[in-house]
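Here is the structure we will look at, set down as structure tokens.
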Amino acid sequence: RSTLFPYTTLFRSRKVIMQRLVYVSPSVAYKATDTLSFGVGIPVAHQGFALDTDMRMPNKFLGIVGKLQDAWCGDSGNAVDVFFLGLCGGGQEGRLRPFNKIASASFEATAPMDPTINLGVLWEPNESFAVGAVYQGGSDTVLTGRYTFRAEPMLNNFVQGMYASLFGPIAASIVGLPTSIPAEQSGHMSMKLPFVEHVQVGVKIKPVKRVQINLDAGWSNWEKWDKLTMQFDQNINMLMMARMFGLEDPSKLTLKRGYRNTISYGVGLQLQLTDALTLRAGYEQRPSSIPGSAMDLIAPLPDLAVKSLGLGYVTRKGLRIDATASYAEGNFSVPADSSCNMNCSGFLNAIYNPYAGLDVSGGIRIRYFGIQFTQAF
């Protein structure tokens with residue numbers, strides 16, 4: 001399973017990659033009776049995660065402090081500010097602007113080998129009817145890798161100005177501000193990115209010899225993605241700025257998710273045109289695991305309608321060639337203050353909430369093509 005969302009606009013994530021690649025999946029099946037079969041498989045997979053994004057904190061408190069700086073400091077500073085809180089000491093670049101970029105961040109982490117278990121059962125009393133089910137086991141996958149934070153001058157100039165004043169160090173220490181914010185901090189990280197359980201049930205019906213109808217229902221345990229926490233090997237000075245907003249540990253970055261479990265339904269039609277040629281078509285209504293109250297632009301996945309076409313051909317030597325093409329589309333609209341993963345404007349909504357107070361809407365289009373060759377031996 002691999003998903004890639006590339007963006008070029010600021011704060012939407014330039015790159016997000018979530019990948020799970022199965023190296024090998026040893027499997028065994030047992031035919032209990034002429035109509036009942038069981039199977040088990042052990043997929044061994046590589047799992048990867050990468051995120052590259054610009055960051056900002058459009059928070060009311062930052063906006064208030066910025067306006068106070070404008071009023072107190074004017075265009076050329078304030079000579080008596082050094083005896084006060086040092087709000088002017090950072091110059092024009094130290095003026096807090098909540099919608100300005102504060103930093104860029106990149107994360108890359110992998111789990112080289114992560115095994116799970118699949119269980120399946122098939123009951124086929126006759127050629128015209130069958131029922132099957134599969135359980136795909138999940139995993140609390142732990143990934144390790146590297147991170148890099150690159151800070152803009154704004155926050156560093158602000159704290160440097162405060163610590164260069166008379167009372168600024170007292171105020172800064174009360175709210176837990178760092179003494180400086182380096183231009184770059186990088187190191188090693190770890191995170192838990194669960195691979196969620198999935199259950200699929202399907203029914204096959206053949207009303208006539210050359211026509212087959214498939215009905216499927218699937219459930220996925222996306223509630224395991226309640227939050228994603230990245231653990232760093234040091235305190236991140238830039239995250240110390242968020243202590244006043246409830247971030248207790250600056251060596252961790254927690255992205256709240258709030259996902260929900262989903263059930264999807266699909267229908268498929270197969271026409272056996274000749275002994276060698278098969279035509280297939282399918283439709284699936286796939287509800288999003290991301291409710292509107294948790295939507296963001298890191299993983300903007302709305303409800304999707306998936307439409308597919310397929311073609312199968314068997315050569316005289318028994319080689320099976322299966323080709324498929326799928327198209328999925330969906331749209332979302334998130335009014336201001338309705339998703340605290342993206343556009344809430346509360347006093348404590350700082351990480352990560354880049355579109356505070358703004359209406360956000362968009363859509364996604366997925367086009368997929370695949371071809372498979374199978375040769376029995």
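Regarding segment 230-316, what's the average projected area of the Cα-atom convex hull, expressed in nm²? All intermediate terms of the calculation are to be shown ahead of the outcome.
Values: hull surface 41.2 nm².
With every direction weighted equally, the projected area is 10.3 nm².
Size descriptor for segment 191-231, Kirkwood hydrodynamic radius: 13.3 Å (Cα pairs only, one decimal). Evaluated at q = 0.20, 0.26 Å⁻¹, a Debye calculation over the C-alpha positions of segment 197-280 (equal weights, vacuum) places log10 I(q)/I(0) at -0.93, -1.14.
Springs between Cα atoms under 10 Å define the GNM used for the chain, and in it the highest mean-square fluctuation of Arg320, Arg367, Arg280 occurs at Arg320.
Of the residues Asn118, Val82, Ser106, the one whose Cα sits farthest toward the positive end of the charge dipole of segment 61-133, with +1 on the Cβ of Lys and Arg and -1 on the Cβ of Asp and Glu, is Val82.
Cross-link check: pairs Lys15/Lys67; Lys15/Lys256; Lys31/Lys317; Lys15/Lys252 evaluated at a Cα-Cα cut-off of 25 Å; pairs beyond the cut-off: Lys15/Lys67; Lys31/Lys317. In segment 150-270, Cα pairs under 8 Å separated by at least six residues give a relative contact order of 27 percent.
Average projected area of the Cα convex hull of segment 306-377, in nm²? Intermediate values should be presented prior to the final figure.
On the way: hull surface 29.9 nm².
Mean shadow area of the hull around the Cα atoms is 7.5 nm².
Work out the length of the dipole vector of the chain about its Cα centre, built from +1 on the beta-carbon of each Lys and Arg and -1 on the beta-carbon of each Asp and Glu, and round it to the nearest 20 debye.
On the way: 34 positive and 29 negative charges, 204 e Å.
Dipole size: approximately 980 debye.
Rg then Dmax, both in Å and based on the Cα atoms of the chain: 27.0, 92.
Taking all protein chains into account, the per residue accessible area for segment 146-302 stands at 47 Å² (1.4 Å probe).
Express the relative contact order of segment 19-94 as a whole percentage, based on alpha carbon pairs under 8 Å and six or more residues apart in sequence. Relative CO of segment 19-94 lands at 21 percent.
Using every alpha carbon pair in segment 15-102, what percent of pairs falls into each 5 Å bin from 0 up to the bin containing the largest distance? Pairs per bin, as whole percents: 3, 11, 12, 10, 7, 6, 5, 5, 5, 5, 5, 5, 5, 4, 4, 3, 2, 1, 0. Taking 0.36 nm per residue of separation and subtracting the Cα-Cα distance, full extension of the segment from Arg243 to Arg367 would add 40.3 nm. Largest first, the residues Asp322, Asp249, Asp275 sort by 1.4 Å accessible area into Asp275, Asp249, Asp322. Most tightly packed first, judged by the mean number of other beta-carbon atoms within 10 Å of their residues, the peptides 174-181, 59-66 read 59-66, 174-181.
State, as an integer percentage, the relative contact order of the chain based on alpha-carbon contacts under 8 Å between residues 6 or more apart.
13 percent
Taken as Cα centroids, segment 165-242 and segment 252-326 sit 24 Å apart, rounded to the nearest whole angstrom. Over all other residues within a Cβ to Cβ distance under 12 Å of Asp70, the charged ones net out to +2, with Lys and Arg as +1 and Asp and Glu as -1. Take every Cα-Cα distance within segment 330-371, group them into 10 Å bins from 0 onward, and report for each bin the whole-number percent of pairs it holds. Result, from short to long distances: 30, 36, 18, 11, 5, 0 percent.
The values are calculated or read from the model by the stated rules, or taken from the named source; none is laboratory data. In this text the structure is predicted, and so the values were computed from the model without any measurement. Every residue, glycine as well, gets a Cβ built from its backbone with ideal geometry; the counts of neighbours run over all protein chains shown. With ligands, DNA and RNA removed, areas are computed over all heavy atoms of the protein, side chains included. Shrake-Rupley method; radii C 1.70, N 1.55, O 1.52, S 1.80 Å.
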